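Take a look at the structure below.
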């Protein structure tokens with residue numbers, strides 16, 4: 001199983017290295033609970049049944065003065081544990097963004113880019129600073145995970161992450177692989193529309209708004225979209241993501257299992273679609 | 001009267017787990033070095049518990065299964081929402097209820113320098129929302 005969306009901000013070893021991370025986690029991300037050890041984190045992956053977890057930072061330097069984990073810390077975690085897959089983050093308005101992304105991919109071995117327009121407060125359609133990043137991702141052949149919809153950050157602006165804004169980006173960069181987190185909630189129909197229209201768009205499952213993850217995932221996938229439409233139109237494009245540490249990853253796994261989908265589709269969601277998206281080769285049976 | 005307090009930590013490894021902590025308690029009591037008094041063992045968390053029972057694998061499994069029956073995961077709990085004070089989803093209502101049922105602590109008498117226990121009694125830390133790093137305290141009051 002692959003968890004395509006997690007943030008290692010709550011791993012204590014990182015805040016031990018850089019105590020400012022605790023302040024950023026609290027002030028920017030809105031995470032107020034105590035960090036836990038890498039050992040506990042790996043036990044949580046075990047219980048959830050997650051073989052590989054994509055870990056990603058968020059660089060908010062321009063607007064908030066800090067990074068929610070750095071690309072270098074992601075690289076350090078990759079060296080510590082081979083169950084992690086690393087995505088990079090750069091601040092789109094940083095003049096060195098392109099250089100930093102290239103370094104993260106070529107030197108640190110990171111294989112995707114995380115952008116959070118709500119938190120980084122940028123316009124995803126900006127041709128001056130955002131489009132060159134998309135062009136570079138196309139050239140490097142790496143996907144971008146866009147935060148989609150509501151931001152739980154106390155200073156996040158949801159409107160900036162309305163997935164409908166991505167359509168011009170998708171059309172301008174037709175070979176760019178785009179992942180939209182949390183099915184874009186509350187703009188689920190907009191995200192669904194992009195998914196059924198564009199085959200390079202992937203929708204990620206960390207749907208968390210009220211009730212348990214099982215409640216909210218069921219409400220969106222079964223009631224708003226409809227299970228039949230998952231089979232018909234999205235079976236190759238749904239990827240499992242937990243958005244840890246907003247919730248313990250086991251609960252998102254249970255949420256998907258509680259849908260009682262056909263095992264073939266469940267395996268695509270938990271493993272195959274992400275493996276194809278990330279160009280991972282054999283070794284895991286999911 | 002003197003007070004001895006020791007905090008002991010552990011890493012639980014399962015969602016639900018029953019962990020024998022008897023020897024850790026006996027070691028802490030010995031470390032306190034008191035002849036007479038009371039030994040109080042308490043978990044510091046609201047989704048875990050302390051209990052005493054016969055140290056048999058089947059009893060241990062029955063206790064966990066009882067907790068599943070009393071507070072099943074799939075139920076319409078009120079505690080299923082975003083918790084602003086944590087910045088995380090609080091979706092473990094059943095874990096809190098299981099903890100409430102089992103209780104947070106237990107007490108043993110201390111006499112002639114030894115903790116008074118029945119021959120079949122085993123002391124357990126019970127994880128109800130793991131895996132997590134956990135702490136419990138051993139408090140010895142006496143002289």
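Odds and ends about this structure:
- Qualifying position, being in contact with a strand residue (DSSP E or B) (Cβ under 8 Å, 6 or more places away or on another chain) and within 17 Å of residue A:243 (Cα to Cα), among A:118, A:89, A:151, A:75: A:89
- Matching residues in the stretch A:89-140 - criterion: being more than 23 Å from residue A:168 (Cα to Cα) and outside any helix (DSSP H, G or I): A:95, A:96, A:107, A:108, A:109, A:110, A:111
- Where helices (runs of 4 or more DSSP H) fall wholly inside the stretch A:149-268, the ranges with 3 or more residues that are within 14 Å of chain B (Cβ to nearest Cβ) are A:213-217, A:249-257.
- For the stretch B:1-53, a tally of residues being over 11 Å from the mean Cα position of the chain (by Cα), within 14 Å of another protein chain (Cβ to nearest Cβ) and part of a loop (DSSP other than H, G, I, E, B) returns 5.
- Scanning the stretch B:69-104 for residues that are under 26 Å from residue A:30 (Cβ atoms) and exposed (fewer than 15 other Cβ atoms within 10 Å of the Cβ) turns up B:78, B:79, B:83, B:84, B:85.
- Filter result for residue B:72 (farther than 24 Å from residue A:152 by Cβ, touching a helix residue (DSSP H, G or I) at 6+ places or on another chain (Cβ under 7 Å) and within 14 Å of another protein chain (Cβ to nearest Cβ)): yes
- Strands (runs of 3 or more DSSP E) completely within the stretch B:54-143 that count 3 or more residues being modelled with pLDDT under 95: B:81-83, B:88-90
- Condition met for residue A:28 (within 14 Å of chain B (Cβ to nearest Cβ), closer than 23 Å to residue A:115 by Cβ and surrounded by 22 or more Cβ atoms within 10 Å (Cβ to Cβ)): yes
- Taken residue by residue, the stretch A:157-164 has at least one member that is without any contact (Cβ under 8 Å) to a residue 40 or more places away in the chain and buried (at least 23 other Cβ atoms within 10 Å of the Cβ).
- Residue within the stretch B:111-122 that is more than 9 Å from every other protein chain (Cβ to nearest Cβ), on the phi < 0 side of the Ramachandran plot, in contact (Cβ under 8 Å) with a residue 60 or more places away in the chain and surrounded by 18 or more Cβ atoms within 10 Å (Cβ to Cβ) present: yes
The values are calculated or read from the model by the stated rules, or taken from the named source; none is laboratory data. Source: prediction; values computed, not measured. In this analysis, Cβ positions are derived from the backbone assuming ideal geometry, glycine residues included, and neighbour counts consider all displayed protein chains.
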